[in-house]
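Worksheet for the structure shown next.
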Amino acid sequence: MGFFKNLFKSREEKQKAKKMELGLKKTKSYSFSNLKNLLESKKKVDDAFLNELEEVLILSDMGMDFTNTYMEALRKDIKKHKITSVDELKGILFDNFYNMYKGRENQKLNVSKSGPTVYLFMGVNGSGKTTSIAKLAYRLKNEGKKVLLAAGDTFRAAAREQLETWGERLDIPVVSKPDGSDPSSVIFDAMKKAKAENFDYLLCDTAGRLQTKVNLMKELEKIYRIIGRDISDAPHEAFLVIDATTGQNGLNQAKVFNEVAKVSGVILTKLDGSSKGGVVLSISNTLGIPVKMYGFGEKAEDFDNFDIDSYLYSIFNGVLFEESETE
C-alpha cells in the first residue's frame, strides 16, 4: 500500500493531506514528474546520476542555495551508508527533504495573553496579501472570534477598496482612511478601536512597496512601535505573503522584507496555480522561517495551515514511493 499508508491517522489529517495534494497537482505534474522519470530510468547511483538529480531539483524551483545544501548532505549520506542503487537511495532522499525543514515545522499561530491578538501582513504588491487577510479573517470569524481589519496599505491604488469589499462580503468591520494617508495613523486608530470594543483579533494590511528599502524600513518600524505601545508582545505574528507562481523571483523580493521586518512566518498563496511548489523548501532554507499557511483557489475558505507531512506526501507520493490513497 506504500510508504504513506499509516502517516495520517485521523480523518482531519487525511482531509488536510488530500486538500494539499489537489492544490499541488500542477507542481507534481510538471516539476516532480522529472524526478520520477529520473528515478525510473536509472539504476546506479554515480556521479552522472547525482548531476542529473541536482539539475532536476533546480528545475523544480528549489533554488541554488537549497539544492547545494541538499546535495552536499546527500553525498555524505551516500558515502556513509555505502549506497549504490537508486532503489536504496529513495528513503534517504525523502529523509533529507524532511531534515532540511526540520526545526521549522508549522506551529500553532501565536495569540495574545491579554487584549486583542494582532497579526501584521507584509509582501510585495500582487502577492495575494489582502486576499490572505480576508481568508484568515473568515476562518477566525467562523471559529466565533470577533475580528477587525485595518487597511494599512494606503499607497496602492484600490488596496483600501479591496479590503473594504472583503469586509462587506464577510460582514467584518474595516478601519480605513483615504488613499495617501499615513499608514501608521490607520493602524493607531485600529488598535484603539480593537481595545475599546474588545475585538479578539486585529489583522493589519501594510504597503507592498515604498520608494526605497529605507522608506519601507522606517514605515514598518513606525507600525511596529505603534502596535507594541499598548500591547507589549504585539504583533503576535508578522506574516510575509509570497506568491507561489513567481517562484524564486518572489523569494528574492521577499528577502527585502525579511531584512527589514521581524517576520515570524510565511503565507504562500496561489499554490494551486503554480508548477513551482518546490519553492516551499527553498523558502525555509533561504529565509530561515517556516511556511505557516497557504492559500489556493478563489473562495474565502480556500486557506489552511501548512503541514510539512501533507506537503511531502503531496509531492512525493507515487514519486519516491508506491502511491497510496489518503482515504
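In the stretch 35-107, the convex hull through the Cα atoms has an average projected area of 5.1 nm², a quarter of its surface area. Atom-type composition of the exposed protein surface of the chain places 47 percent of the accessible area on carbon and sulfur (1.4 angstrom probe). Computed about the Cα centre, the dipole magnitude for the chain is approximately 500 debye when only Lys and Arg (+1) and Asp and Glu (-1) carry charge, each at its Cβ. Taking label points 7 Å from Cα along the Cα-to-Cβ direction, E164 and D179 give a separation of 1.2 nm. Rounded to the nearest whole angstrom, the semi-axes of the ellipsoid equivalent to the stretch 55-176, taken from the Cα gyration tensor as √(5λ), stand at 44, 18, 12, largest first.
Express in whole angstrom the spacing between the alpha-carbon centres of the stretch 287-324 and the stretch 97-167. Cα centroid of the stretch 287-324 versus Cα centroid of the stretch 97-167: 19 Å apart.
In plain terms, the C-alpha convex hull of the stretch 129-181 casts an average shadow of 3.2 nm² when viewed from every direction. The length gained by stretching the chain between D171 and E322 to full extension, at 0.36 nm per residue less their Cα-Cα distance, is 49.7 nm. Against the set (i) 40, 20, 16; (ii) 34, 24, 18; (iii) 30, 26, 22, the structure's computed semi-axes √(5λ) of the Cα gyration tensor in Å falls on (i). Can you figure out the FRET efficiency of A157 with K44, using R₀ = 51 Å and their beta-carbon distance, to the nearest 0.05? Rounded to the nearest 0.05, the efficiency is 0.30. Think of the chain as a dipole: +1 on every Lys or Arg Cβ, -1 on every Asp or Glu Cβ, centred on the Cα centre; then among F188, T269, F303, F188 lies furthest on the positive end. Projecting the Cα positions of V256, I283, V319 onto the charge dipole of the stretch 237-327 (unit charges on Cβ atoms of Lys, Arg, Asp and Glu, taken about the Cα centre) puts V256 furthest along the positive direction.
The sum of -39500 (n - 2.57) across all DSSP H runs of n ≥ 4, divided by the residue count of the chain, sets its helix-only mean residue ellipticity at 222 nm to -16000 deg cm²/dmol. Nearest-5 percent of antiparallel DSSP beta bridges in the chain? Percent antiparallel among DSSP bridges in the chain is about 15. Within the stretch 8-101, none of the GluC sites (Glu not before Pro) combine a DSSP coil assignment with at most 16 other C-beta atoms in a 10 angstrom radius.
Each residue was assigned an accessible area with a 1.4 Å probe, and for V214 the value is about 80 Å².
The values are calculated or read from the model by the stated rules, or taken from the named source; none is laboratory data. From a predicted model like this one, the values you see are computed outputs, not experimental measurements. In this analysis, Cβ positions are derived from the backbone assuming ideal geometry, glycine residues included, and neighbour counts consider all displayed protein chains. The accessibility values were calculated without ligands, DNA or RNA, using every heavy atom of the protein model including side chains. Shrake-Rupley method; radii C 1.70, N 1.55, O 1.52, S 1.80 Å.
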